[in-house]
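Remarks on the structure that follows.
What follows is calculated from the coordinates using simple rules that are stated; it is not laboratory data. Note that the structure is a prediction, hence the values are computed from the model and not measured. For neighbour counting, all protein chains shown are included, and Cβ atoms are generated from backbone atoms with ideal geometry for every residue, glycine included.
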């Protein structure tokens, strides 16, 4: 053991065992420890505890925010789904309205076409009746001229009317009327 003490004592002045220095070092260490414990360790521990509490609170807030974000995401998905179904309903209703409008326009067009066809038929019938009347009148005049030339005399108004009526009665206008219909 003496060799060890000798080796330690001679190798470095810091490794020499000096009992007075050792006691003073322990005393100063205890004083520094007491001062640090009284003034610094409490403050440091309080700062560490405060930081731990803030971190714990931040973690809780993050968890709350995460759960709220999940809830909002679910609500958003529900709203998007509802908006899609509403959009489909609106489109279906718009299609129905378009079909109704198209049918209404088609019905109005058909009714207008029918009305115009009826009006055209009436005009044709009126024109046919008028043309037949003019033809009868012309046939009567031609018959009268032919009768005058045959009789070589001038007929009176009563005779002319009688000859026209007889000529018209002998003519068959039903063939003319049947060909125009």
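Would you point out which residue out of 146, 92 is farther than 28 Å from residue 163 by Cβ and surrounded by 10 or more Cβ atoms within 10 Å (Cβ to Cβ)? Give the steps one after another, and end with the answer.
Values: 146 fails: farther than 28 Å from residue 163 by Cβ.
Result: 92 is the single residue among 146, 92 that is farther than 28 Å from residue 163 by Cβ and surrounded by 10 or more Cβ atoms within 10 Å (Cβ to Cβ).
Return the total of residues in the stretch 125-134 being within 56 Å of the chain's Cα centre (by Cα) and either surrounded by fewer than 12 Cβ atoms within 10 Å (Cβ to Cβ) or not in a helix (DSSP H, G or I) (or both).
2
Checking residue 94 against (1) touching a residue at least 12 places away in the same chain (Cβ under 8 Å); (2) under 54 Å from the mean Cα position of the chain (by Cα), only one condition comes out false. Which one?
Residue 94 satisfies every listed condition except (1).
Pull out all pairs, ordered by first then second residue, where Cβ-Cβ is under 8 Å, the residues are six or more apart or on different chains, the first lies in the stretch 121-140 and is in contact (Cβ under 8 Å) with a residue 40 or more places away in the chain, and the second is surrounded by 11 or more Cβ atoms within 10 Å (Cβ to Cβ) and assigned to a helix (DSSP H, G or I).
These pairs meet every condition: 124/180; 128/177; 128/180; 132/176; 132/177; 135/176.
Here is a list: 86, 50, 107. Which entry is part of a helix (DSSP H, G or I), over 31 Å from the mean Cα position of the chain (by Cα) and either without any contact (Cβ under 8 Å) to a residue 24 or more places away in the chain or farther than 30 Å from residue 166 by Cα (or both)? Write out each step before concluding.
Working: 86 fails: over 31 Å from the mean Cα position of the chain (by Cα); 107 fails: over 31 Å from the mean Cα position of the chain (by Cα).
Sole residue among the options that is part of a helix (DSSP H, G or I), over 31 Å from the mean Cα position of the chain (by Cα) and either without any contact (Cβ under 8 Å) to a residue 24 or more places away in the chain or farther than 30 Å from residue 166 by Cα (or both): 50.
Does the stretch 111-124 contain at least one residue that is touching a helix residue (DSSP H, G or I) at 6+ places or on another chain (Cβ under 8 Å) and surrounded by 10 or more Cβ atoms within 10 Å (Cβ to Cβ)?
Residues of the stretch 111-124 that are touching a helix residue (DSSP H, G or I) at 6+ places or on another chain (Cβ under 8 Å), as a first pass: 124.
Subset that is surrounded by 10 or more Cβ atoms within 10 Å (Cβ to Cβ): 124.
Scanning the stretch 111-124, I find at least one residue that is touching a helix residue (DSSP H, G or I) at 6+ places or on another chain (Cβ under 8 Å) and surrounded by 10 or more Cβ atoms within 10 Å (Cβ to Cβ), so the answer is yes.
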